[in-house]
Every structure is written in structure tokens, then in C-alpha cells.
Amino acid sequence: MAESATASAETAQKAHGQAKKTVTLALAGNPNSGKTTAFNHYTGSRQHVANYPGITVERKIGTLDFGNYHVRMVDLPGTYSLTAYAQDELVARRGLSEDQPDCVIDVVNASALERNLYLAVQIMEMGLPIVIALNMYDEARKQGVDINHQRLSELMGVPVVPTVGRTGEGLKQALAAAMQIAEGRFQIPADSGQASNSSAQPGQGGLSAPGRNHTPQLAASGKVNRAAPLVISYGTDLDKALEELTAMVEDTPVFSGVYPARWIALKYLENDAEIREKTRKANPALASRLEQKVAEVARHLEQTMHTYPEAIIADYRYGYINSLLRQGVITRKSDLQSRMQISDKADKLLTHRLLGPILMLGVIYLMFTITFTVGEIPMGWVEEFFGWLNETVSGLMADGLLKSLIVSGIIDGVGAVLGFAPLILFMFLQIAFLEDSGYMARVAYMLDRVFRAFGLHGYSVMPFIISGGIAGGCAVPGVMAARTLRSPKEKMATILTAPFMTCGAKMPVFLVLAAAFFPGIEARVMMIMTLTGWGFALLVSRIMRSTVLKGESTPFVMELPPYRLPTLFGVLIHTWERVWAYIKKAGTVIVAVTIVIWLGMTFPELPADQTEAYESKIAAAEEAVAPAEEALTALLAAAGIEGLEGMDAMEEDKLSEEIVAAKESYEELQGAVDDLNAEHAAAALEHSVAGRIGRTLETITSPAGFDWRTNIALVGGVGAKEVVIATLGTAYSLGEVDPEEAESLEERLANDPQWNKANAASLMVFVLLYFPCFVTVVVTKQETGSWKWALSSAIFNTLLAFVAAVIVYQVGLLLIA
């Protein structure tokens, strides 16, 4: 949509003789560097999401106008390296090489300059024009770090611009510098590139060339897409090998115009799987010669230095960066040099081996407590609104199928889901605060030790958390987040177990059952469900990693961002995005599904003879009620009590024996009417398609405590878990007669004699574990590349859920007996 709007704008400009030249910029950076904040500042709402060709990794593309240029900006995945060990690294590299941006804006965290410049060095080695946006510059200054960005620019031969992404400070200047490079107008200072000499020792780094001309080279098309590649010395052994490998690549230009020959040689030394595979396909003879030479170098390094090429390359890159920073780039205030940063002090406690996990559990429990305590009030308002809406619409419409569809199918179905929107809102609000503060990264760090014991990786933590590991997430982005895992087997185990988490779709089920059957301890119940999801995920992962997914664990390295006080605007935006997605789902998918379910619960209708028999019984019962009601009303009037409402407001012992007897007679007769109405509704529901399915499944599901109504809800939940509550809302609404006595679903379940704590707990466990929603199954297929894995996982999850539910129900019956 953004691109079509851009095309229209360009057409209008051409008509006035003011056509703007299109320039493509790539936005790169480490995770937590502020890259996404900068992208949002640049493009605002003029952005859309698309998948990289052939890879299920999303990329954001935005547009903006800058002077006489129309800028197309591509937000690359956050990555620490361009060696394609993980999918995010591979995608970022392809975005830089194959898309051929006119310039790259590399957003670096000024507080962690050495680590962040590692990516910038690799981009420069690719021969790409680059601007370094020295982001979070204000935080670096607060920590006592003073960065001479002009000196750094001179030494590297590229523009270096201080920026503060959250306020937008410096971002316009960084964009202007990128445009200068794209136009070929940026010239490096005369003394640049002299960071160090070619005699640098390991860990010091060096340049084998006297400098780096960053003036971009024009391609044949006239597009600016290349600068002279940065050439770093990697020591005597590797420099010699690089010369030989580069000569081989140049003689047979497999990657001509895409990658520099020396860069290809470097990738071979770094054991880059993608580059090796591409070379084998394009020129097997060249691939064989390159691999033979690399094997010789690796053997020599192992024998002489007990190391390997990748380690040497990383060591010299960091040595080059250190040599830059030591040349008057960074100075630290003496009074702060020895002081521990606030984040480090906090981490001493919050990530402590023993206290850290205890505090983490306390934070989660507190979050649930606040959710139920504070959210209960607005939840009551929403329930009252839908009760009023039910009563109003019922009073305005004549009895019939249309009234049943609107009241029972839509209002009560969707209302059952939206009734818990306030609780979801408070849950998301707290999660957004924890994410923006930097605490979530600490959770991943602490859980890495636990995950490794179960055959998973530290990076598996974030997919689990995104899927709902701290409640309220979604398995779809959680499964997609597993792309960051380098090991295919660890990635597969993570993808297949992430749906066990307490996602936002399951939350309404847990919330309504906890409120109905475990009043006063709802937070404790929610905590138990969250830990149960984690427990099953880890257990199943351990089983898979010991059987079908055997393999060694890979090391875990993660950057812990500094703690920040989240901005109110940022927290509200993140909360609103999630709540709005929940509401939209209720107003679209849930409405559609509840209508389909209502149809399944309504048709075919009871045969006419059975309907007439029920109606005649109900009419006879109502005739018996009328005189009893008149007699009771007369007695109340004589006693000065205003109607049945006045009687209900009085205590029983204050009523005369005559009134009490008349009241009991009336209630008994009215109860008979209600029972007949409920029996009629139940018979009609059982006769429907949905009822027959539910009854058929009841023979299988009864050991888990599920009746036929619950079975209908669980079948609908395969599409989306919120439908479980919507279906129960519709099923119980179809049996309701008097709209003025409408109850919330929570009250209906609590008052139903067929429900108890045992089958409530059983249903919660089953919903937690069984068949993921349909969208998750599709995404699992995309990520694993196989329907076999996706469907077998869904079937296994359902069988596991059923076994667990049976155990919970049977044990629960023993406990409440």
C-alpha cells in the first residue's frame, strides 16, 4: 500500500516536471541498538511488512521523501555478524549484498561501541557505503563515556553521526550523510585510514592497505553501490592464505558484482555454509580447490597455535576496532571509570544464581495478582454492558431464529470473549513495561542454564516468552522467533514446544474458569498454569532431544541491554497494539466462528411433534404458576411489601409463615417451568449437528470430565482458542429464557451442577496443551518445511493433553470427594 501511494506521488510529480530520484537505504544494527526506533522515526506509518524471497523472515520496508529524493528504506534483521550461521544473519547479509543499497546506515549502541563496531567492520569489508549512527549517545555520556565522533570518522573514513533515536536527535543528519554518500559527494579526510599498521599482532589488528577510499564507485547502470572494501591484516598465516584464496576467486568470478573476491575468501576461512554451497553449485572445481586450501590453513593453525581460522579472524577484527578506539576516540571520566554501572549493580541481584529465579517468579505472581485485583472492576463494567445489550436487544426483537442468532450467537458469544478484555489489557500493560525496561532479556539469561539441561538453547527462551511464557503472547510470532537458533535440532524442538505456553488466546479460558471455580486464589491458579506450560515444554523437549532430535547443544551468547525506565507513551502503544489485535480478532474471526457454531447448534431443529410436546408441557406448567404468583402477590400487598422484588430484599425470618409457604410453592412451580425450558433447549441443542458431535465425543472424553457442550467448544477451539469461551457462552445462552435474569458465563458455569473444580482444572490443562490454533500449525509447517512435523506435532499435543486432563480430573475427583 505504501509503494502504490509512492507510485501515485511520483506520477503526479512527473506530471509537473518534478520527478524525484529513488534511493535505497538499508538500516542495519545489533539487537537492542535502537535500529527499529530509528526506522519508525524515519518512516512513520509509511511502512509495510513483507517476507524475504524464499525465506520466512519478515522485513520492514518504509518510504520517505528527503529533498529531491524519494527514499526506500529497508529495515534489516538485528544481527551481530554477517557470517550466516543463523537465519537472521543470512537475511541481513542478503539484504546488504543482493538488494544493493545505495548506502547502509549502521545504528550502533554508543555504550557498547567495541562490540557494535564489529558489524560495521564486516559491512565495510563487503565494500558497501556506510554511515555510522552513534545511537544512545546521551546514555553513553551519562555513563561517563565521551566519544570523539569526528576522530572516529577520520580514522574509519566514513561519516559518524551522534544520534538519540528515542528523541530523533541526529537522525536527520545521519540521513543527510547517507544521501551525500549515495550522491558520491562524501570525501574522506586526507589522514584517514591510519588506524594501525600492517605489523599489528594478534588482538591488535591492522590495515594491510594505507587507507580506505570510501568514495562510492558507479556501477554500469549509474547506481552507486560500491566503495573500496576495507582490508584488515589477519596476521602472517591468514594474510598469505587470503591472497591465494582471493586469486583463485578472481580467476573464476562466481560472485562477480555481488561480493568482493577477498570477502569470499574470508567467508571460506570462516566456514560459511551458504557461500560454500553456492560455490559448489556454480563451480565445483573452484569449490574443491578453495576447501582444500582452507583445510591446509586450519591444520596449520591447529598444530602451531591450537586455534582455528574463525577465532583468528574475530580476534583481529576486534584488535582493529581497539586500535581505532585507543587513538583519542574514547575517554572516560576518572570519577566514573571504576564505578559499576547501575545495570551491572541491578544484575548482581536480579540475575543472581539463586535469588534471580525466585525474584522472577515473584514478579510473575505479582503481575497476575495486579491483573485480577485491578482488572476485576472494569471487567464487571464490560459484563454489565453486554448484559444490558442482551436485555435491550431481546426486548426489541420478536422471538425467532434472527433473535437467537444475534443474542445467543453474537452478543453472548463475543461478549464472553470481550468480557475479559480488561484483564488482558492489564496483563499486556505489565508485560510491555517489563519488555521495555530490559528485564525480559534477563529472564532469557537466567533460564539459559535450565534450558541447556533440557536440550534447548538460551535463544529458545525468547520464542517461549513471545508465545506466552509470561502469559498473553502468541504462538505464531513465537514459532517464527525460533529462526534465531543456529542448531536445526534445537530450533525444531523449540518450534514444536512453544505452543504449550499460555498464549493470549488461552487466557480467557483460564481467566473465566479460575474466577468461577477458584475465587480468591485466581492469581495462584494462573501462576500454576504458566509453570505447567513451561514444565511440559521442557519435558517434551528433553524427550525429543534424546530421541528423534539428538544432537550437541550450541553455546549461548546474548547482549543484556541496560535497564531503562520505559516511557509512558511507549508502554501504552505496545499495550494498545496487543489489546487492539485481541479486540479485532473478537470482532472478526470470533464473530464468524460463533455464527458458524450457532448454526451448528441450532440446525437441524427438533421435529415438530417433539417441539409441540415441550411447548404444551411448558404452557401447562406456566398456567399452574399464575395463580400461585397471584396469591403470593396478594399476601405481600396485604403485608405492605411491594412485589416480589421487595420480598427478595427482606430476610426470610422477617416474613410471615403464610408468605414463606406461598413463596416456596411459587418457587417450586416456577422451577418446574425453568427445568422444562432448560430440558427443551438441551434437547434442541443435542439434536443439532454440533450436539451430535459433542455427544459422540462424550464417550471418549468423559474420563477427562468433558460433557458434550465442552466438546463442542473444544472442536471450535482448533480454529482459535478464544472460540472455546465464545462457544460455551453461546451454548449456555441458548438455554436461557428470561433476559432479565441473564448471567455472565462465569456465573452460569459456577451454578451448573455438572461442573466442579475437577473438570474445570482438567479443561484448563487440556486447553493449555492440545491442538494449536490453525494459524500456528500453518506457520509451523512454514518454519519446519514439512506438513509431517506440523500435523504430527498437533496430534501428539492433543493426545498428551488428553492423558494429562484425565489424570487431573480423576485425581481431582478423589481430592474433592
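Quick look at the values:
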item: Phe385-Phe603 pseudo-label distance in nm [points 7 Å out on the Cα-to-Cβ vector]; result: 3.3 nm
item: Surface per residue (accessible, 1.4 Å probe) for region 391-494, Å²; result: 32 Å²
item: Two-site FRET efficiency, Val803 against Ala453, from Cβ-Cβ distance with R₀ of 30 Å, rounded to 0.05; result: 0.80
item: For region 584-684, alpha-carbon Rg relative to the globular expectation (2.2 N^0.38 Å, N residues); result: 1.58
item: Surface accessible to a 1.4 Å probe, per residue, for the residues of region 673-798, Å²; result: 39 Å²
item: With all protein chains modelled, accessible area of Ile495 [1.4 Å, Å²]; result: 0 Å²
item: Gain upon complete extension [Arg115, Glu645; 0.36 nm per residue less C-alpha separation]; result: 183.4 nm
item: Residue-normalised accessible area of region 515-554, given per residue in Å² at a 1.4 Å probe; result: 47 Å²
item: Förster radius 56 Å - calculated FRET efficiency between Glu623 and Asn68 (Cβ-Cβ, nearest 0.05); result: 0.05
item: Lys20 accessible area, 1.4 Å probe, all protein chains in place, Å² to nearest 10; result: 60 Å²
item: Net charge dipole size for region 606-697 [Lys, Arg +1 and Asp, Glu -1 on Cβ; Debye, nearest 20]; result: 560 debye
item: Computed over region 385-460: relative contact order in percent, which uses C-alpha pairs under 8 Å that are six or more apart; result: 18 percent
item: Point-to-point label distance, Glu668-Thr304, nm (Cα→Cβ direction, 7 Å offset); result: 10.5 nm
item: Order by protection proxy (mean Cβ within 10 Å, highest first), peptides 326-332, 402-408, 487-493; result: 487-493, 402-408, 326-332
item: Percent carbon-and-sulfur accessible area, region 354-456, ignoring ligands, DNA and RNA, probe 1.4 Å; result: 75 percent
item: Whole-percent carbon and sulfur share, accessible surface of region 96-185, 1.4 Å; result: 42 percent
item: List Asp251, Asp102, Asp674, ordered by accessible area with a 1.4 Å probe, largest first; result: Asp251, Asp674, Asp102
item: Area of Trp708 that stays accessible when all protein chains are in place (1.4 Å probe, Å², to 10); result: 10 Å²
item: Most to least packed among 694-707, 116-129 [average Cβ atoms within 10 Å]; result: 116-129, 694-707
item: Local electrostatic count at Ser656 - Lys and Arg +1, Asp and Glu -1, tallied over other residues with Cβ under 14 Å; result: -4
item: Environment charge of Lys267, counting only residues whose C-beta is closer than 14 Å and scoring Lys/Arg +1, Asp/Glu -1; result: 0
item: Heavy-atom accessible surface of region 513-666: percent carbon and sulfur, 1.4 Å; result: 63 percent
item: By average C-beta atoms within 10 angstrom, highest first, the peptides 353-359, 388-394; result: 388-394, 353-359
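The values are calculated or read from the model by the stated rules, or taken from the named source; none is laboratory data. For clarity, every value in this text was computed on a predicted model and none was experimentally measured. Glycine also receives a Cβ, built like all others from the backbone with ideal geometry; neighbour counts cover every protein chain displayed. Surface accessibility is based on the protein's heavy atoms, side chains included, excluding ligands, DNA and RNA. Shrake-Rupley method; radii C 1.70, N 1.55, O 1.52, S 1.80 Å.
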